[in-house]
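J.: Can you read through this structure? Questions will come right after.
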Amino acid sequence: MKKASSANCDICGTMDDVQHVLVECSRYNLERLDVMRRYKINRFDVGALTSLLSQPTTEGFRSVVEIFVHRQQ
Ligand SMILES: [Zn+2]
């Protein structure tokens, strides 16, 4: 996961920030499904995922990021 927020996503062409990677980017659909299963979030309930990810201090957020980072290694 890139830390820089200035670059655009290779896949989507939109701004490639954490929010994009975790919530929007189609590159991480599988990882996102893992996260949603783990937290019992309906796959169409983007609002629930977004609210989970909007609290960077929570354990939920950290483990979500861990899943994404792990998958890219
Ligand atoms: Zn993207």
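Per-residue answers, yes or no, for (1) over 23 Å from ASN8 (Cα atoms); (2) in contact (Cβ under 8 Å) with a residue 24 or more places away in the chain; (3) small (Gly, Ala, Ser):
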position: VAL23; (1), (2), (3): no, yes, no
position: GLU31; (1), (2), (3): no, yes, no
position: VAL46; (1), (2), (3): no, no, no
position: LEU49; (1), (2), (3): no, yes, no
position: LEU52; (1), (2), (3): yes, no, no
position: THR58; (1), (2), (3): yes, no, no
position: VAL64; (1), (2), (3): no, yes, no
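J.: Please give the number of the condition THR57 fails out of (1) of a type in the set (S, T, N, Q); (2) more than 13 Å from the chain's Cα centre (by Cα); (3) assigned to a helix (DSSP H, G or I).
T.: The single condition THR57 does not satisfy is (3).
J.: Can you tell me which residue within the stretch 7-43, out of those that are hydroxyl-bearing (Ser, Thr, Tyr) and outside any loop (DSSP other than H, G, I, E, B), is farthest from the chain's Cα centre (by Cα)? Let's see the steps before the verdict.
T.: In the first step, residues of the stretch 7-43 are kept if they are hydroxyl-bearing (Ser, Thr, Tyr); the result is 14, 26, 28, 39.
When the remaining residues are screened for being outside any loop (DSSP other than H, G, I, E, B), the result is 26, 28.
Numbers: SER26: 10, TYR28: 7 Å.
So the residue we want is SER26.
Where a number appears in this text, it was derived from the coordinates with a stated rule and is not lab data. Note that this is a predicted model, so its numbers are computed, not measured. Glycine also receives a Cβ, built like all others from the backbone with ideal geometry; neighbour counts cover every protein chain displayed.
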